[in-house]
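The values are calculated or read from the model by the stated rules, or taken from the named source; none is laboratory data. Note that the coordinates shown come from a computational prediction; the quantities given were computed from them, not determined experimentally. So basically every Cβ, Gly included, is an ideal-geometry build from the backbone, and we count neighbours across all protein chains shown.
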Amino acid sequence: MISIKINDREYQVEEGKTILEAAREIGIEIPHYCYHPALSIAGNCRMCLVEVKGMPKPMTACSTRVSDGMEIYTDSKIVKEARKGVLEFILLDHPVDCPICDKSGECKLQDYYFEHSAQKSRYEFPKERHKVEKISKKIYLNPNRCVLCTRCVRFLREVTKTYELTTVERGSHAHIVCVDPESLDNNPWASNIADICPVGALGLNEFRFKKRVWFTKKVKAICQGCAAGCNIYVDVSNRKQLLDGDDDEIVRIHTAENRKLGQFFICDEGRYSYKLYNDKENRVKSPILEGEEINFEKAVEVIRKKSNVRKGVVILSPLHSIEENYAAYLFAREKGFDVFRPSSFRKELPEIALYMEEKKAPNDRMLKLMKLPKVSEIEEIDYDFALFLHNVGKIHSKSEVRILSVLKRATFSVVFEPMLSDFGKSANLVLPAPIFVEEDGCYINNKNLVQHSHKACDYMFNARPLWEFLESDFKSGEEIFVRFAKEQLDKDLNYQKLGTEGFEL
Amino acid sequence: MSEIVLFKHLIDPEVRNIENYIKLGGYEGLKKAFTMQPDDIIEEVKRSNLRGRGGAGFPTGLKWSFMPKGEGQKYFVCNADEGEPGTFKDRYIMSENPHQLIEGMVIGGYAMGATVGYIYIRGEFEFVAKILQKAIDEAYEKGFLGKNILNSGFDFDLYVHLGAGAYVCGEETGLINSLEGKPGQPRLKPPFPAQYGVFGKPTTVNNVETIACVPDIIKKGADWFLSIGPEKNNGTKIYAVSGHVNNPGVFELPMGTPLREIIYEHAGGIVGGKKLKAVIPGGSSAPVLGPEHLDIPMDFDSLKKVGSMLGSGAIIVMSEDTCMVEAFTRLAKFYAHESCGQCTPCREGTAWLYKILKRIEDREGKKGDIDLILDICGKIMGRTICPLGDAAVMCIKPAVERFRDEFEYHIEHKKCMVENKIPIF
């Protein structure tokens, strides 16, 4: 550790860090466009200029490393002046079309302009205009809004190593072009360039003109697509500010970073998976008993009666959270029922896999850590009562067959799931499960990181968490999680202790 | 006639042939170098006070000493991308006296332990590149290049690499990127080329004229070099004089020759006996000077004292018939055109400066334009990745300040202050 001064206050920071990173850890944000923690340093936007005592000119915080005794000023007159200058330069050729720009509300240019400049442009010449074009099936490019930070170019060069974008021409004519739209179409990570674009130059065709970001609620969640446990932001249309009648619809999924995981991007498969959850038609809207919709109280009563048997089974799910699974597990333990787990669905990884995991279930590791037997070990017996937790997504097909036969042969079978599936259709009682954005839930990823996925909206229709149907004493999912951590992990954990980046087992 | 170090073709016009070059004592420096330890060569160059002739005037020996010692691939690169407006000195060394550059390259390579050298030459100098290549072939034949040079055990290969026409490739890291086949965009420093240069290996980049001084320094010793020119500004310098003079051309003179002597004696005075209005002393990026500076010794330190710089030693002379608005609008266009487009202040600022200057020149200037220009200059200076942005400012800002009345006259009266103007660029 070395000691540095930022704005006359002393701090201890790690040696070898850049000024920007050191300041960020302390909580001082230095404005920037081209810097991205997962990409090489370009130093081209010049927005992060800071004053370093003893240096003849302002230094780029993104590329200058801290040294012992360094005195840095991030808000001096010179720095403010430099930022103002850079903003004016960037905006020279910018169309300032915020009212029709999808990035509006989360645009760094907009933010910094109001924060650091807010002055009228002195540029009086015609602005250079380029055509807005769809550079792939997924992405459009508006070169007029581009600040040439080259984050997108560097991402495709350094992360996916596919080189679809590049800058061409010199001076003020420089701009970004796509040299291989087909490759971009097939790049399973391509849509990240829309996320990392600090301005409105790159966007997703799917999100274009769809929603103003201030009419959405953004929460940090865990991707449900595989066992990697990537951090995502889920934007849900905000019921309270509803203008167009959408009701708690997931508008988009985009990248959140988790430095503990070294994860800064998400795959397109995960990103576009939100469509599965927006399927309102197939949603189990109320408990369904033998084809008839019933209310919550009646469902609870039915379960109480039908589960009062000796031979019962509960099959947990790698597709559900710790909370839902452990509630079911405790229920089974109390009743003396058998507990099994299905195998995860596996998928071959694409060439550019990055963080993707073969196992396509977010909570596979939890059930493995509990050392539960697999459904393949179920002996051919007819149960009096069977409960299966199912969710959006797939489990291994052999497991599917086995579970279906268990459900069919049971005297009374219950399936807890959000969308009506073959399991639900073959069960006596279907319980409306919430989708992942409707409740807080924890997941353990393939690297043994316990992470908390946040609730973004209320339960839709008559969906309820499983423990409520099972009449347990828990008042919240967190209580179940605390108990799970204590009993199964021997750890004293709660949501707060998991923090934003999770807890490593 | 003063001492001739670089322009040996003035002694023997056929010195570009290796036989003639050897007859004039060529490759003696190299032979002597092989009797010395590499570190002693660097020490000798340091002691000679040889300073970079490309513009910055950085001590050459010191630059060489930044190279890491020991094994591992290292490169020695000659910057022959002579692109600064007004500069045309290196091409004469290369086309008339190429072996002196080659000899300097081998000595430098030996001193720094670099076994491969590149001469990065601007694309427009294709004919010079051919002459160079012929000279390199001759040197290979005579055993001054290649494996085990003169039985010293030292190997050195030399390649000529043609640029593709970008001023910014004269900046050493832009040059390195271009040499690697990448777009000619300067790199962030640090790391400096001595740590991370061509293909990521330690590299030193020197100007043609600088390297061509080395053989004579080694052959005759640093003391001889120190005997030429004023203190800390030693050696001869090639001054390239252009503009409104009777006898434009290149002149090898001792460093520190007064500006007046260069313009009025060597370059034959101003055309038509007109008065001097302005003079750019070191290529277009050097702040412009006026007639009151005529007695300045043309060396690094003296010019720095008056707020300008020796730069490449390219002297652009402007008579009283020059329209300063026209001249500097043309130069502003050059910088806007040559900006690589990588970093914000230079990319946007140089283009904006040119547009405003063009507006003034086109008699459409607005009140406040001059202050706007000066303000923009302040927002570029010192804020860019490489010195191109700074160079544009150092060219435009002093000109606008010094000749502010001319610019204001253009804006106010919608016409030029100079009648019967003679174009300069």
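Report yes if B:LYS182 is in a loop (DSSP other than H, G, I, E, B) and of a type outside the set (A, V, I, L, M, F, W, C), otherwise no.
Answer is yes for this residue.
Kindly evaluate A:VAL50 against the criterion of being surrounded by 14 or more Cβ atoms within 10 Å (Cβ to Cβ), in a strand (DSSP E or B) and either in contact with an Asp or Glu (Cβ under 8 Å, 6 or more places away or on another chain) or within 13 Å of chain B (Cβ to nearest Cβ) (or both).
So A:VAL50 passes the test.
Residues in segment A:33-41: is at least one more than 21 Å from B:ASP390 (Cα to Cα), within 14 Å of chain B (Cβ to nearest Cβ) and not in a loop (DSSP other than H, G, I, E, B)?
No: zero hits.
Name every residue in segment B:379-392 that is within 25 Å of the chain's Cα centre (by Cα) and within 12 Å of chain A (Cβ to nearest Cβ), in order of residue number.
B:ILE380, B:MET381, B:GLY382, B:ARG383, B:THR384, B:ILE385, B:CYS386, B:PRO387, B:LEU388, B:GLY389, B:ASP390, B:ALA392 - these are the residues of segment B:379-392 that are within 25 Å of the chain's Cα centre (by Cα) and within 12 Å of chain A (Cβ to nearest Cβ).
List, please: which pairs have Cβ atoms under 8 Å, are six or more places apart or on different chains, and start with a residue in segment B:318-340 that is within 14 Å of another protein chain (Cβ to nearest Cβ) and under 27 Å from B:GLU419 (Cα atoms) and end with one that is charged (D, E, K, R) and assigned to a helix (DSSP H, G or I)?
Partner pairs satisfying both residue conditions: B:ALA332/B:LYS358; B:LYS333/B:LYS358.
Sort through B:TYR110, B:TYR75, B:TYR92 and tell me the only one that's under 17 Å from B:LEU6 (Cβ atoms) and not small (Gly, Ala, Ser).
The conditions single out B:TYR92.
Conditions (1) closer than 25 Å to B:GLY170 by Cβ; (2) not assigned by the TED database to the domain that holds B:GLU172, marked per residue:
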residue	(1), (2)
B:GLU3	no, yes
B:PHE7	yes, yes
B:LYS31	no, no
B:THR35	no, no
B:PRO38	no, no
B:GLU44	no, no
B:SER48	yes, no
B:THR60	yes, no
B:LYS63	yes, no
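With the requirement that a residue be more than 9 Å from chain B (Cβ to nearest Cβ) and of a type in the set (A, V, I, L, M), what does segment A:53-86 give you?
Answer for segment A:53-86, where residues must be more than 9 Å from chain B (Cβ to nearest Cβ) and of a type in the set (A, V, I, L, M): A:MET55, A:MET59, A:ALA61, A:VAL66, A:MET70, A:ILE72, A:ILE78, A:VAL79.
Condition first: closer than 21 Å to B:PRO191 by Cα and among the basic types (Lys, Arg). Can you find one or more residues in segment A:18-40 that meet it?
Scanning segment A:18-40, I find no residue that is closer than 21 Å to B:PRO191 by Cα and among the basic types (Lys, Arg), so the answer is no.
Filter segment B:252-261 down to the residues that are outside any helix (DSSP H, G or I) and of a type in the set (A, V, I, L, M, F, W, C) and list them by number.
Within segment B:252-261, B:LEU253, B:MET255 meet the criteria.
Would you mind telling me which numbered condition in (1) assigned to a loop (DSSP other than H, G, I, E, B); (2) modelled with pLDDT of 95 or more B:SER2 fails?
Condition not satisfied by B:SER2: (2).
Does segment A:451-461 contain at least one residue that is in a helix (DSSP H, G or I) and assigned by the TED database to the domain that holds A:ALA433?
Our first condition is that a residue be in a helix (DSSP H, G or I); within segment A:451-461, this holds for none.
No - not one qualifying residue is present in segment A:451-461.
Quick one: would you say A:ILE30 is of a type outside the set (Asp, Glu), more than 14 Å from chain B (Cβ to nearest Cβ), touching a strand residue (DSSP E or B) at 6+ places or on another chain (Cβ under 8 Å) and assigned to a loop (DSSP other than H, G, I, E, B)? So that I can check it myself, show each step before the final result.
Values: of a type outside the set (Asp, Glu): yes; more than 14 Å from chain B (Cβ to nearest Cβ): yes; touching a strand residue (DSSP E or B) at 6+ places or on another chain (Cβ under 8 Å): yes; assigned to a loop (DSSP other than H, G, I, E, B): yes.
Yes; evaluated as a whole, the condition is true for this residue.
Just the residues that are among the small types (Gly, Ala, Ser) and in contact with a helix residue (DSSP H, G or I) (Cβ under 9 Å, 6 or more places away or on another chain), please, taken from segment A:23-61.
A:ALA38, A:SER40, A:ALA42, A:ALA61 - these are the residues of segment A:23-61 that are among the small types (Gly, Ala, Ser) and in contact with a helix residue (DSSP H, G or I) (Cβ under 9 Å, 6 or more places away or on another chain).
Could you tell me whether A:THR64 is farther than 23 Å from A:ALA174 by Cβ, in contact (Cβ under 8 Å) with a residue 60 or more places away in the chain, surrounded by 18 or more Cβ atoms within 10 Å (Cβ to Cβ) and touching a helix residue (DSSP H, G or I) at 6+ places or on another chain (Cβ under 8 Å)?
no
Select the strands (runs of 3 or more DSSP E) contained entirely in segment A:111-211, then report the ones holding at least 3 residues which are free of Cβ contacts under 8 Å to residues at least 24 places away in the same chain and out of contact with any Phe, Trp or Tyr (no Cβ under 7 Å at 6 or more places or on another chain).
A:165-168
What single numbered condition from (1) surrounded by 24 or more Cβ atoms within 10 Å (Cβ to Cβ); (2) out of contact with any Cys (no Cβ under 8 Å at 6 or more places or on another chain); (3) of a type in the set (S, T, N, Q) fails to hold for B:THR173?
Exception for B:THR173: condition (2).
Mind listing whichever residues of segment A:179-211 are over 19 Å from the mean Cα position of the chain (by Cα) and surrounded by fewer than 19 Cβ atoms within 10 Å (Cβ to Cβ)?
A:VAL179, A:ASP180, A:PRO181, A:GLU182, A:SER183, A:ASP185, A:ASN186, A:ASN205, A:ARG208, A:PHE209, A:LYS210, listed by residue number.
In segment A:295-328, what residues are out of contact with any helix residue (DSSP H, G or I) (no Cβ under 6 Å at 6 or more places or on another chain) and more than 20 Å from A:THR411 (Cα to Cα)?
A:ASN295, A:PHE296, A:GLU297, A:SER317, A:LEU319, A:HIS320, A:SER321, A:ASN325
Please tell me if B:CYS343 is more than 9 Å from chain A (Cβ to nearest Cβ) and buried (at least 22 other Cβ atoms within 10 Å of the Cβ).
no
With respect to A:ASP473, is the statement that it is more than 17 Å from A:PRO318 (Cα to Cα) and free of Cβ contacts under 8 Å to residues at least 24 places away in the same chain true? Talk me through it step by step, then tell me what you get.
On the way: more than 17 Å from A:PRO318 (Cα to Cα): yes; free of Cβ contacts under 8 Å to residues at least 24 places away in the same chain: yes.
Spelling it out, A:ASP473 is indeed more than 17 Å from A:PRO318 (Cα to Cα) and free of Cβ contacts under 8 Å to residues at least 24 places away in the same chain.
On the basis of being at pLDDT 95 or above, within 21 Å of A:ALA82 (Cβ to Cβ) and either in a helix (DSSP H, G or I) or more than 7 Å from chain A (Cβ to nearest Cβ) (or both), does B:ILE376 make the cut?
When the stated conditions are applied, B:ILE376 passes them.
Okay, residues lined up against (1) in a helix (DSSP H, G or I); (2) more than 14 Å from chain A (Cβ to nearest Cβ):
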residue	(1), (2)
B:VAL168	yes, no
B:LYS189	no, no
B:ASN206	no, yes
B:THR210	yes, yes
B:GLU231	no, yes
B:LYS237	no, yes
B:VAL250	no, yes
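Let me spell it out: the conditions are (1) under 29 Å from the mean Cα position of the chain (by Cα); (2) assigned to a helix (DSSP H, G or I); (3) closer than 30 Å to B:GLY272 by Cα; (4) touching a residue at least 60 places away in the same chain (Cβ under 8 Å), and B:HIS410 meets all of them except one. Which number is the exception?
All conditions pass for B:HIS410, except number (1).
Among the numbered criteria (1) assigned to a loop (DSSP other than H, G, I, E, B); (2) among the β-branched types (Val, Ile, Thr); (3) within 13 Å of chain A (Cβ to nearest Cβ); (4) more than 24 Å from the chain's Cα centre (by Cα), which single criterion is violated by B:VAL418?
(3)
Out of (1) modelled with pLDDT under 95; (2) within 16 Å of the chain's Cα centre (by Cα); (3) of a type in the set (S, T, N, Q), what's the single condition that is false for A:ASN282?
(2)
What number goes with the only condition from (1) polar (S, T, N, Q); (2) out of contact with any Gly (no Cβ under 8 Å at 6 or more places or on another chain); (3) within 11 Å of chain B (Cβ to nearest Cβ) that A:GLN12 does not pass?
Only one criterion in (1) polar (S, T, N, Q); (2) out of contact with any Gly (no Cβ under 8 Å at 6 or more places or on another chain); (3) within 11 Å of chain B (Cβ to nearest Cβ) is unmet by A:GLN12, namely (3).
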